[in-house]
1. Straight-line reach only, C-alpha to C-alpha below 26 angstrom: list the lysines that LYS80 could link to, leaving out same-chain residues fewer than 8 apart.
2. In straight Cα distance, which aspartates and glutamates are under 19 Å from LYS7, not counting same-chain residues fewer than 8 positions off?
3. At 7 Å along the Cα-to-beta-carbon direction for both GLN5 and SER110, put a label point, then send me their distance in nm to one decimal.
4. What number comes out for accessible area per residue over the stretch 1-64 if the probe is 1.4 Å? Units Å², please.
5. Over the chain, what relative contact order in percent results from Cα pairs under 8 Å that are six or more residues apart?
6. On average, how much area does the Cα convex hull of the chain cover when viewed from any direction, in nm²?
7. Say each of THR61 and LYS78 gets a label point 7 Å from the Cα, pointing the same way as Cα to Cβ; how far apart are those two points in nm?
8. Report the FRET efficiency, 1/(1 + (r/R0)^6), for ILE70 and SER99, where r is their Cβ-Cβ distance and R0 is 30 Å, rounded to 0.05.
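The values are calculated or read from the model by the stated rules, or taken from the named source; none is laboratory data. Remember, it's a predicted structure, so these values are computed and weren't measured experimentally. When we count neighbours, we look across all protein chains shown, and the Cβ atoms used for this are built from the backbone with ideal geometry, even at glycine. The area values use the complete protein model at the heavy-atom level, side chains included, leaving out ligands, DNA and RNA. Shrake-Rupley method; radii C 1.70, N 1.55, O 1.52, S 1.80 Å.
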Amino acid sequence: GWLPQSKTENYRWMNQKAKFSVLLIDQNHLEIKGFIPENIVGVSKCIINVNDREVFYADMTNNQAITLDIDISDFVKKYKLNKFEIEIDGQRIPNTSDSDQRVFSALINSLKIY
């Protein structure tokens, strides 16, 4: 899921499957911006599910920007809690000498539902 972040980080690291739920009224688009660093090993795909239904699938590689704007109108429940899941396989496994010991798959710096 979502990894802890410091007060100086204006982005969020995620590890493989990140989940969140949100009440939606009339929002129909999901926008995600981020990056898969080059030190991620074994990354091959990005899958996004809304309410347990796949809304997006793409092949991914390390050292790749994430810029998605997805129409989710056929998948959301209006005036109800909606469950989102972002999956990016592959991980960065830190060396014992690394200052950041978090295991992560991608950096997300913007996530909007509009």
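1. LYS80 reaches LYS17, LYS19, LYS33, LYS112.
2. Once the sequence-local aspartates and glutamates are set aside, what remains near LYS7 is ASP100.
3. 1.4 nm
4. Per residue, the stretch 1-64 has 59 Å² of solvent-accessible surface.
5. Relative contact order, the chain: 40 percent.
6. 7.1 nm²
7. 4.2 nm
8. Calculated value: 0.30.
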